[in-house]
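A.B. asks: Let me give you the structure first, and then I'll get to my questions.
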Amino acid sequence: MLLIADSGSTKTDWALADGPQVRTFSTDGINPVYVNADIIKKIVEKELPFDRNKISEVYFYGAGCIQGKTGALGRNLAEIFSEAKISVNSDLLGAARSLYGDTKGIVSILGTGSNTGYYNGKKITDSVPSMGYILGDEGSGAVMGKKLISAIYKRRMSQEISDIFFEEYTISYPKLIEFVYRQPMPNRFLAGFTRFISKNIQHPEISELVKNCFMEFIEYNLLKYENIEETSVSFTGSIAYHFPEQLKQCLAQYSISPGDITRTPIEGLIKYHTKTQ
């Protein structure tokens, strides 16, 4: 049996392929930058409902699977799936294989975090570093949430938006600071506020916030690739999927025509890894 995983900081999508039969399910996110071996083992052993000894191959694509992290995660997974061949790669390569298969193009991830890269049909040959939600991650859910919270508390949003926000969220300012600066996974916490953004996207201030985030993503990331206007650019991730109108409006300002926009890479990865079975 073949096990495929696409993991972000918030959620991991899994697909278990046994010949023509494929089962899909989700667990908490497994990002080796933020979670340790004990948490990874707990997530897998508690939430994956099948005999792990029957798995022959594991293909894991994940946020945070960068140099210095893939080896440790591979060893963690090898302990859990003792009979399987383990392959650990970046979420960017997973997104590229999902969106493009064996063809070339620029791949963009817009979820809790963000990332981009040029894919030549086999591997990522160029990538502007994402740098995480503090130093980068433009256009991501974490940065959108951060910008919303900052605008609300700095009184840069209208009273109307502030009233709507505080009707929905009763979190105190000290508690907010604790979640962001003292609790684990603050990027996931901040990205959670995109639900509010989505519900109020028709309000001009909220729509403008989203478009400003996308403009930064384009200017700081996509425009760094040569011949961007002539190259296929496809997207995956919850933010791209839920805000396609705003994304396309921003891309049009730079004469960039988007290709596919998918919610997650998992369906494309299933096709990629089972095409020869």
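A.B. asks: How much length is gained on full extension from Asp102 to Lys41, taking 0.36 nm per residue of separation minus their Cα-Cα distance?
C.D. replies: Difference between extended and current length: 18.7 nm.
A.B. asks: I need the calculated FRET efficiency for the pair Ser150 and Gln21, taking r as the beta carbon distance and R₀ as 51 Å, to the nearest 0.05.
C.D. replies: For Ser150 and Gln21, the calculated efficiency is 0.60.
A.B. asks: May I pose another question? Using a 1.4 Å probe over the heavy atoms of the protein chains, calculate the carbon and sulfur portion of the accessible area of the chain as a whole percent.
C.D. replies: 47 percent
A.B. asks: Who wins for biggest fluctuation among Lys85, Lys41, Lys199 in a Gaussian network model of the chain, springs between alpha carbons below 10 Å?
C.D. replies: Among Lys85, Lys41, Lys199, the largest GNM mean-square fluctuation belongs to Lys199.
A.B. asks: Let me ask something else about it. Could you tell me the calculated FRET efficiency between Glu205 and Lys123, based on Cβ-Cβ distance and R0 = 41 angstrom, to the nearest 0.05?
C.D. replies: 0.50
A.B. asks: Can you give the helix-only mean residue ellipticity at 222 nm for the chain, where every DSSP H stretch with n ≥ 4 adds -39500 (n - 2.57) and the sum goes over all residues, rounded to the nearest 500 deg cm²/dmol?
C.D. replies: Mean residue ellipticity, 222 nm, calculated: -12500 deg cm²/dmol.
A.B. asks: Can you give me the distance in nm between label points at Arg263 and Gln159, each placed 7 Å from the Cα along the Cα-to-Cβ direction?
C.D. replies: 3.9 nm
A.B. asks: Classify the stretch 90-239: rounded, prolate or oblate, from the alpha-carbon gyration tensor (a ≥ b ≥ c, eigenvalue square roots; a/c under 1.5 rounded; otherwise prolate if a/b is larger than b/c)?
C.D. replies: Taking the square roots of the gyration eigenvalues as a ≥ b ≥ c, the stretch 90-239 is prolate.
A.B. asks: Take the chain, connect every pair of alpha-carbon atoms lying under 10 Å apart with a spring to form a Gaussian network, then pick out the residue of Ala84, Ala240, Ala142 with the largest mean-square fluctuation.
C.D. replies: Ala84
A.B. asks: Cα gyration tensor of the stretch 43-153, axes a ≥ b ≥ c as square roots of the eigenvalues: rounded (a/c below 1.5), prolate (a/b > b/c) or oblate?
C.D. replies: Note, shape of the stretch 43-153 comes out oblate.
A.B. asks: For the chain, give the magnitude of the charge dipole about the Cα centre (Cβ charges: +1 Lys/Arg, -1 Asp/Glu; no others), in debye to the nearest 20.
C.D. replies: 460 debye
A.B. asks: Moving on to the next point. Taking the dipole about the Cα centre of the chain, with the C-beta of Lys and Arg at +1 and of Asp and Glu at -1, give me whichever of Ile106, Pro265, Val22 is farthest to the positive side.
C.D. replies: Val22
A.B. asks: Also, quick follow-up: Give a quick list of GluC sites (Glu not before Pro) in the stretch 62-150 that DSSP marks as loop, anything other than H, G, I, E or B, with at most 14 other Cβ atoms within 10 Å.
C.D. replies: Glu83
A.B. asks: Also, quick follow-up: Classify the stretch 127-167 as rounded, prolate or oblate, taking a ≥ b ≥ c as the square roots of the eigenvalues of its Cα gyration tensor: rounded when a/c is under 1.5, otherwise prolate if a/b is larger than b/c and oblate if not.
C.D. replies: In terms of gyration-tensor shape, prolate.
A.B. asks: Per residue, how much accessible area does the chain show when a 1.4 Å probe rolls over the protein heavy atoms, in square angstrom?
C.D. replies: Accessible surface, normalised per residue, equals 50 Å².
A.B. asks: Contour minus end-to-end for Lys271 and Glu79, with contour as 0.36 nm per residue of separation and end-to-end as the Cα-Cα distance?
C.D. replies: This chain segment gains 66.4 nm when fully extended.
A.B. asks: While we're looking at this one, here's another question. What residues of the stretch 1-31 lie in the reach of a label at Lys54, counting those whose backbone N is under 20 Å from a point 7 Å from the Cα along Cα→Cβ?
C.D. replies: 1-5, 14-27
A.B. asks: Also, I was wondering about something else. Below 14 angstrom from the Cβ of Lys154, what's the summed charge of the other residues (Lys, Arg +1; Asp, Glu -1)?
C.D. replies: Result for the neighbourhood of Lys154: +3.
The values are calculated or read from the model by the stated rules, or taken from the named source; none is laboratory data. Remember, it's a predicted structure, so these values are computed and weren't measured experimentally. All Cβ positions, glycine included, derive from the backbone under ideal geometry; neighbour counts span all protein chains shown. For accessibility, only protein heavy atoms count, side chains too; no ligands or nucleic acids. Shrake-Rupley method; radii C 1.70, N 1.55, O 1.52, S 1.80 Å.
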